[in-house]
Amino acid sequence: MGVGHSSLSSCSVDSLCITAFIAQPKTTSFSNSNRQKPLFPTKKQSPFAVLKIGTLNCARVAGEMEIKKGIAAAGKPIVDRHVIDDGLIQKIVYDALVWISLHGLLVGDRNDQRSGKLPGVGMVHAPIALLPTSFPESYWKQACELAPIFNELIDRVSLDGKFLQDSLARTKKVDAFTSRLLDIHSKILEMNKKEEIRLGLHRSDYMLDEKTKLLLQIEFNTISSSFAGLGCLVTDLHRTLLNDYGEDLGLDSKRIPGNTATGQFAEALAKAWTEYNNPRAVAMIVVQTEERNMYDQHWLCTVLKERYNVRTIRKTLAEIDSEGQLLPDGTFLVGGQAVAVVYFRAGYAPTDYPSESEWRARLLMEQSSAIKCPSISYHLAGTKKIQQELAKPNVLERFLESKEDTAKLRKCFAGLWSLVDSDITKKAIEKPELFVMKPQREGGGNNIYGDDVKETLLRLQKEGSEEDAAYILMQRIFPAVSPTFLIRDGICHKDHAISELGVYSAYLRNKESVIMNDQCGYLMRTKVSSSNEGGVAAGFAVLDSIYLT
Ligand code: ADP
Ligand code: MG
């Protein structure tokens, strides 16, 4: 997303939300709790200056961290009893910053007004973890194996218009945004329009629950899955650092799995473009009016052009409304240019539709023969309500024949409930810290945690309205907490952190022919354990990669 808007603090699907943790609360000591702590949403209160490079004194830091080597459990530090020397950390940080600057691991600097509009001005390195986070190989393989199964599931769910409409019917009454999406979906169903070429560029996010030792899915993103571009660069960076410092750290760069997300996403877009079969057509990226995560997107477009000679244009929804034209044969023209593939990096949040103009654009694209990534059906199939419906008994079986596949998917489902389940709402009121309450939103910062869960549930009960249909309840997952070096704005900061693994996947089919159904690299996001979400003003999330243990 859209680190587009004002403060990167909206952690859209696209933005990751790394941005938000910019205003990280002062963390005075490592505690083992990953429960919420008071939030300090202003930058002024950032403690980062303490570890500014050049003045960095990491000896104490390292001593405290007791970094441990080769521990197999997830989230455990990766260097054993090896106190990382202050000077060494300084050297690694410096080298990392040089590498990042030379290789385009960049985002727009929120301090520069033009940085969301104009490439090449106001750039700052993306927030990163200095070293990769350890992750057990068996869970990594499990996550990779799930990717093609989820791809197929989403495709089949997308074809069941009635299931989507029925599952979201109550939500529609109380959630204006979901209602508008469903209206577009209804119109397409009424037209009896079939999407024969279907493209999905997804990211399935997981956390490894420490207590149960289960890899549990957080959510499945079907729209604007961000950071394929920058995520690959973080992997390259970490490999480079371990090639140079691996011996000192007792780490082997080969334990970091390769990350080809950018190349594979570009390949999927190129193959979709080929299926569309109009050599003069372009791929169009739907963008927000301001986008500080533009370099992530530019990486993808650059590979698409250099490797596959497919040109892209960038348009906002408002521009598409004013320049778009639908020809009788379904061809979609923007500024007179035929569009083969529409790739959304905007359009997932209500703020992306400030007027009717944006909704008109969305409908127009949907009515066209251009390949939409995602189509309205794919978009709806990725909502949290559908995630919860799919977790109900016997629902997966409606879509997938293979018992083995349904068992694999079910194993990664956390507890998911609708609020009509009075036993669960009662439990959630009693123990709100064990639940997360989620509305039908993407982009971070929308979920409800802790006492707010209790208060919201009590309010909904009291009001007796149907507003409960706007939310789902989810089991709260508690990943292991580990000490981590996080770098933002050139400043190295250590903190206790937890991580979320995202696995990218691409799915392309034309009628009965599945052209691509692959896992496509990954993104690790690591955030301070005191933050509920990776984004939002409270968090401190960074781009990361994994070190297999
Ligand atoms: P969004 O669409 O806004 O990204 P997510 O469902 O991914 O919504 O939630 C945002 C963030 O909140 C996640 O990246 C994760 O850090 C945290 N989160 C979400 N669900 C859970 C959960 N069940 N347990 C613990 N943390 C969660
Ligand atoms: Mg998310």
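The values are calculated or read from the model by the stated rules, or taken from the named source; none is laboratory data. Please read all numbers here as calculations on a predicted model, not as lab measurements. Here the Cβ positions follow ideal geometry from the backbone for every residue, glycine too, while neighbour counts run over all protein chains shown. Remember, those area values only see protein heavy atoms, side chains included, never the ligands or the DNA or RNA. Shrake-Rupley method; radii C 1.70, N 1.55, O 1.52, S 1.80 Å.
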- Only residues that are open to solvent by 30 Å² or more (accessible area, probe 1.4 Å), touching a residue at least 40 places away in the same chain (Cβ under 8 Å) and over 19 Å from Glu455 (Cβ atoms): list them for the stretch 403-420, please. Asp405, Lys408, Lys411, Phe413, Val420
- Message: What pairs come out if I take residues in the stretch 211-223 that are within 12 Å of ligand 1 (Cβ to nearest atom) and pair them with residues that are at pLDDT below 95 and among the β-branched types (Val, Ile, Thr) whose C-beta lies under 9 Å away, six or more apart or interchain?
- Response: Asn221/Val13; Ile223/Val13
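So that you can scan it fast, the table gives a plain yes or no per residue for (1) away from ligand 2 (no atom under 11 Å from the Cβ); (2) of a type in the set (A, V, I, L, M, F, W, C); (3) surrounded by fewer than 22 Cβ atoms within 10 Å (Cβ to Cβ); (4) part of a loop (DSSP other than H, G, I, E, B):
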| position | (1), (2), (3), (4) |
| --- | --- |
| Ser186 | yes, no, yes, no |
| Glu195 | yes, no, yes, yes |
| Leu199 | yes, yes, no, no |
| His202 | yes, no, no, no |
| Asp205 | no, no, yes, no |
| Lys211 | yes, no, yes, yes |
| Phe220 | no, yes, no, no |
| Ser226 | no, no, no, yes |
| Gly229 | yes, no, no, no |
- Which residues, counting only those in the stretch 529-549, are at pLDDT 90 or above and in a strand (DSSP E or B)? Val542, Leu543, Asp544, Ile546, Tyr547, Leu548
- Is it true that some residue in the stretch 440-458 is within 16 Å of Gln217 (Cα to Cα), in a strand (DSSP E or B) and within 11 Å of ligand 1 (Cβ to nearest atom)? no
- Test Gly250 against the criterion of being at pLDDT below 95, in the same structural domain as Leu317 (by the TED database) and either closer than 20 Å to Pro119 by Cα or open to solvent by 10 Å² or more (accessible area, probe 1.4 Å) (or both), and give yes or no. yes
- Any residue in the stretch 282-291 that is of a type in the set (D, E, K, R), modelled with pLDDT of 95 or more and either in a helix (DSSP H, G or I) or surrounded by fewer than 17 Cβ atoms within 10 Å (Cβ to Cβ) (or both)? no
- Item | Options Tyr471, Tyr504: the member that is open to solvent by less than 10 Å² (accessible area, probe 1.4 Å) and among the hydroxyl-bearing types (Ser, Thr, Tyr) | Tyr504
